[in-house]
Amino acid sequence: YTAKDYGRAASAIQQYQSAGGNDAQTIGLYAQSLYLAGRYAEAGAETGRQIAAAEAAGRRPTDTQLQLLANCALKQHDMQAYTAALGKVVTYTPTPQYWLDLILRTAGQPGFSTALDLDVYRLRKATGTMDKAGDYMEAAQLALQAGFPNEAKSFVDEGYAKKLFGTGPDAARQQRLKDLVTTKLAEDKATLDEGEKAALARGSADALVNTGFNLVTYGQITRGLPLILQGIQKGGLKYPDQARLHLGYAYLLAGQNAAALKAFGSLQGKDGSRQLGDLWQIKVRSAVKRTAG
């Protein structure tokens, strides 16, 4: 290995293991030797086994192992494997840089529905990966279009708090958006009770879910969550997996992490909702682990 004869180094370490050798430092060079020898598929498979063994033993994989897993996928131009490796990376190193790469690659996969754009922004907001005024503008506009003005306000408020809004050539446009959100918010607050009664009277599953979610954005958990659950249980939803994704997010806003994880883990859709659910599970577990620590 020191002589940079990585192919022979890999063979020697393999023989060492077969003979019963178990020195962690020596064995740890095996995957790196395979990688440096250009045997990326073998290196990726070996690194994956090492990471799985560490996790099974309750140990944290090393940063070297995590980076090697991602690099092996890149070398093979396997973006699906690279995205999966990034999932492992953010599990143990949840930096905004890694999170943004993972989220954008997930949202860029074939078949990912544009109907989930607002859900992507929700995850980006939660992971601290929104850093452009345009992101906050679009997120707020999508929230308004979806009928969630209080959520739109949270995006606008954060845009101003980060000083991304209120300065530069788009300041007037941002002020107009803020004014529009304020107007829509006042209108919505005035009709919250009527909207809840209308959704219950109509009995439409989609109306129940949307109305319930809107109530949750106001902190009206005890009113909103039952409506979402009623809509999901009723059936006939236009996008059932997206409804369950929103249920998971609603549980998260309510501080019910265990229920959120269960909802996110139940997703099976092929429109991207399942992938977002997987990312939310990583985010929630990481937050729970930090709190416990």
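The values are calculated or read from the model by the stated rules, or taken from the named source; none is laboratory data. Quantities reported herein were computed from a predicted structural model and do not represent experimental measurements. Cβ sites come from the backbone with ideal geometry, for glycine too, and all protein chains shown count toward neighbours. Quick note on the areas: whole protein, heavy atoms, side chains included, nothing else; ligands and nucleic acids left out. Shrake-Rupley method; radii C 1.70, N 1.55, O 1.52, S 1.80 Å.
Quick check, is ALA250 under 14 Å from GLY212 (Cα atoms), modelled with pLDDT of 95 or more and among the small types (Gly, Ala, Ser)?
So ALA250 fits the description; yes.
Is the range 97-105 home to any residue that is farther than 30 Å from ALA126 by Cβ and open to solvent by less than 50 Å² (accessible area, probe 1.4 Å)? Quick ask: steps written out before the conclusion?
Start the filter on the range 97-105 by keeping residues that are farther than 30 Å from ALA126 by Cβ, which leaves none.
Scanning the range 97-105, I find no residue that is farther than 30 Å from ALA126 by Cβ and open to solvent by less than 50 Å² (accessible area, probe 1.4 Å), so the answer is no.
Only one residue in PRO240, PRO226 is assigned by the TED database to the domain that holds GLY147, open to solvent by 40 Å² or more (accessible area, probe 1.4 Å) and either closer than 20 Å to ASP117 by Cα or aromatic (Phe, Trp, Tyr) (or both), so which one is that?
Working: PRO226 fails: either closer than 20 Å to ASP117 by Cα or aromatic (Phe, Trp, Tyr) (or both).
Just a single option satisfies the conditions, and that option is PRO240.
Condition (residue is surrounded by 17 or more Cβ atoms within 10 Å (Cβ to Cβ), more than 15 Å from the chain's Cα centre (by Cα) and modelled with pLDDT under 95) applied to the range 262-278: is it met by at least one residue?
The answer is yes; a qualifying residue exists.
Go through the range 1-46 and give me each residue that's open to solvent by less than 40 Å² (accessible area, probe 1.4 Å) and within 18 Å of ALA81 (Cβ to Cβ).
Listed by number, the residues that qualify are ALA31, LEU34, GLY38, ALA43, GLY44, GLU46.
Quick check: is even one residue across the range 127-141 part of a loop (DSSP other than H, G, I, E, B), polar (S, T, N, Q) and under 21 Å from the mean Cα position of the chain (by Cα)?
As a first pass, look at the range 127-141 and keep what is part of a loop (DSSP other than H, G, I, E, B): 127-132.
Adding the requirement that they be polar (S, T, N, Q) leaves 127, 129.
Subsequent filtering for residues that are under 21 Å from the mean Cα position of the chain (by Cα) retains 127, 129.
Yes.
Take the residues in the range 198-223 that are β-branched (Val, Ile, Thr) and more than 22 Å from the chain's Cα centre (by Cα); name whichever of them is surrounded by the fewest Cβ atoms within 10 Å (Cβ to Cβ).
Applying the first criterion (β-branched (Val, Ile, Thr)) to the range 198-223 yields 209, 211, 216-217, 221-222.
When the remaining residues are screened for being more than 22 Å from the chain's Cα centre (by Cα), the result is 211, 221-222.
On the way: THR211: 25, ILE221: 17, THR222: 10.
Result: THR222.
Sort out which residues of the range 118-137 are more than 18 Å from THR217 (Cβ to Cβ) and modelled with pLDDT of 95 or more, and write them in order of number.
If we filter the range 118-137 for residues that are more than 18 Å from THR217 (Cβ to Cβ), which is where we start, we get 127-129, 131-135, 137.
Result: THR127, GLY128, THR129, LYS132, ALA133, GLY134, ASP135, MET137.
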